[in-house]
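Chemist: Submitted below is the structure of interest, expressed as C-alpha cells.
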Amino acid sequence: MERALSAPGKLFVSGEYAVLWGGVSRVAAVAPRTAAFVRRRNDSRVHICLEEGTLQGLTTPRGVKWEREVPAGFSFVARTLDEALRAHGRASVGFDVAVAPGALGPGGHKLGIGGSASATVLAAEAARFVLEEKFDVLKLALVAHTLGQGGKGSGGDVAASFAGGLARYRRYDVTALADAANTGRFNAALAESPPVDLWRMPVPRVAMLYAFTGESASTKLLIAQVEARLAEAGRAAFVERSDALGHAIEDGLGGGDFRAFSDAVKAQHALLLELGPLETEGMRRVLALAASYGCAGKLSGAGGGDGCILFAPDAQARDALRQGLESRGFLTLTLDVEQGVRGEAQADARLRGWVDSLV
C-alpha cells in the first residue's frame, strides 16, 4: 500500500500579522509544489526519509518511539506523525514517509513560501492514508505545525497548503485539540471541534509574481520581536486597519480599478512597516522597480527577508517586470494559484528510491 503526494507552498496576500491577533488574512497556494511518498510496512517501524538522512522509530498509540533525539530538520514531519498516531489511538503497522526538500534560492536560502507547512500537511495526509483513518487532516496539521513552532504562527501557510487556491483565513485556536492529544480523546476532539474559518476566493484577475530578495528570515523570531513591542490595544487597532485594507485588496483581486487596488496594496505594506524594521534593502529595490513598471507589491509573510508578492494589471506588464527584476539579479516566480494537497499518478523517483533502500 503506497501513495505519491504533493502540496503547494504559500504566499500571504494580506493580513500576515493581523491574523495572529484575530484578524483576517488572504493567502495564496503557489508553486513550486513539494513531493512526498508513503508506503505501509509489515512491521511496526517508522522511517522518515529526507535529503539530510533517515530517522527511525516504532509506532505506539501515543506517537512514535524515536530511536534518537529528533533532529531539527525532521521536527515538523516527526511531530505530525506523532499526532497522527495519537489520533489513531491504537496499535498499528508502521510506514515509511519520504518528503522532498523545499524550494531553495541562490546560496541555499529558503524562499519563504512555507516549506515546513507543506511538509506538515504532506505528513498528515500520508499518515491518514496508511492508517486508513478519517480524521480532519487540516486540523491535525494545524495542531502539529503550531506545536512545532512553539505556539507561534497563524496556520495560514498550513491552510493554504491543504486547501489550495486563494483563501480567506482566520487563525484557528488549537489549544483544546493539543490538550486532547494528551488524553486519548484526540480523534473525537478533531471531529467535535469547530470548523476552520477558511473560505475559498475566486481566482485572481490580476497577474502575480514573487521576487526573492536573496535573504532568508526567521518567522518565529520576527513574530516574537513584534509582539514584544506591541501591546494589546495597539494590536487591536492594527487589526482594524489591516482588515479594512484586506477587504479592499480582496475586491481588487477580482479586477477593475488597478490604481485603487495598487493604493490598497501599498497601504498594507506601509501598515506592516509600522510594526518595526521588517523591510530590507532588497525589498525596497524590488518594490521601487515594481512601481517603475506600473505594478504594485508588498512584503509577504513576516518580513525581514524572503521576498515580495507583486501584482500587475495584466500578463504583459508582469512579464516585463519579471525581465527587469531578473536582469538586476533577483530570482522571480510567476504565480498561479495551485490546488491543495493531492495524490499524484507517479511517485518522485528519488523519493521512491529512498524508501526502496530501507530494510
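Chemist: What percent antiparallel are the DSSP beta bridges of the chain, to the nearest 5?
Modeler: Restricted to the chain, the bridges split so that about 95 percent are antiparallel.
Chemist: Same structure, new question: Below 8 Å, C-alpha to C-alpha, sequence gap of six or more: please give me the relative contact order for region 275-359 in percent.
Modeler: 21 percent
Chemist: I've got another one for you. Assuming R0 = 35 Å, what is the FRET efficiency of Asp197 and Ala345, from their Cβ-Cβ distance, to the nearest 0.05?
Modeler: Efficiency for this residue pair is about 0.60.
Chemist: What shape does region 36-128 take by its C-alpha gyration tensor, where a ≥ b ≥ c are the square roots of the eigenvalues and a/c under 1.5 counts as rounded, a/b above b/c as prolate, and the rest as oblate?
Modeler: prolate
Chemist: Could you work out the relative contact order of the chain, using alpha carbon pairs under 8 angstrom and six or more residues apart, expressed as a whole percent?
Modeler: Relative contact order of the chain: 25 percent.
Chemist: Let me ask something else about it. List the relative contact order of region 56-183 as a percent without decimals, with contacts defined as Cα pairs under 8 Å and 6+ residues apart.
Modeler: This gives 23 percent for region 56-183.
Chemist: What Kirkwood radius, in Å to one decimal, follows from the Cα pairs of region 108-156?
Modeler: Averaging 1/r across every pair of different Cα atoms and inverting gives 11.5 Å.
Chemist: Something else now. Which of the three applies to region 209-269, rounded, prolate or oblate, going by the alpha-carbon gyration tensor with a ≥ b ≥ c and a/c under 1.5 meaning rounded?
Modeler: oblate
Chemist: Rounded to two decimal places and with Rh computed the Kirkwood way over Cα pairs, what is Rg over Rh for region 206-335?
Modeler: The Rg/Rh ratio comes out at 0.98.
Chemist: From Cα coordinates alone, what are the radius of gyration and Dmax values for region 121-275 in angstrom?
Modeler: 18.1, 54
Chemist: What does the C-alpha gyration tensor say about the overall shape of region 91-185? Classify as rounded when a/c is under 1.5, otherwise prolate if a/b is larger than b/c, or oblate.
Modeler: Oblate, since a/c reaches 1.5 and b/c is not below a/b.
Chemist: Further, regarding this structure: What is the percent of Cα-Cα separations in region 138-197 that go past 20 Å?
Modeler: Percent of Cα pairs beyond 20 Å in region 138-197: 22.
Chemist: Here is a follow-up. Taking the chain as a Gaussian network, Cα atoms linked when under 10 Å apart, which of Gly148, Gly307, Gly234 shows the biggest mean-square fluctuation?
Modeler: Looking only at Gly148, Gly307, Gly234, the largest GNM fluctuation is found for Gly234.
Chemist: Another one. Over the chain, what portion of Cα pair distances is larger than 38 Å, expressed as a whole percent?
Modeler: 17 percent
Chemist: Another question, if that's okay. Among Ala126, Ala31, Ala260, which one shows the biggest mean-square fluctuation in a GNM of the chain, springs joining Cα atoms closer than 10 Å?
Modeler: Ala260
Chemist: Region 249-296: Rg/Rh from Cα coordinates, Kirkwood Rh?
Modeler: 1.01
Chemist: Another question, if that's okay. Once you have the alpha carbon radius of gyration of region 20-65, what is it after dividing by 2.2 N^0.38 Å, with N set to its residue count?
Modeler: Working it through for region 20-65, the quotient is 1.82.
Chemist: Right, another one. Might you tell me the accessible area per residue for the chain, computed with a 1.4 Å probe and given in Å²?
Modeler: It amounts to 41 Å² per residue over the chain.
Chemist: Report the semi-axes of the equivalent ellipsoid for region 1-79 in whole Å, largest first, where each axis is √(5λ) for an eigenvalue λ of the Cα gyration tensor.
Modeler: Rounded to whole Å, the semi-axes are 32, 17, 12.
The values are calculated or read from the model by the stated rules, or taken from the named source; none is laboratory data. Just so you know, these numbers come straight off a predicted model, no measurement behind them. Cβ: placed from backbone, ideal geometry, glycine included. Neighbour counts: every protein chain shown. Side chains included, ligands, DNA and RNA excluded: accessible areas come from the protein's heavy atoms. Shrake-Rupley method; radii C 1.70, N 1.55, O 1.52, S 1.80 Å.
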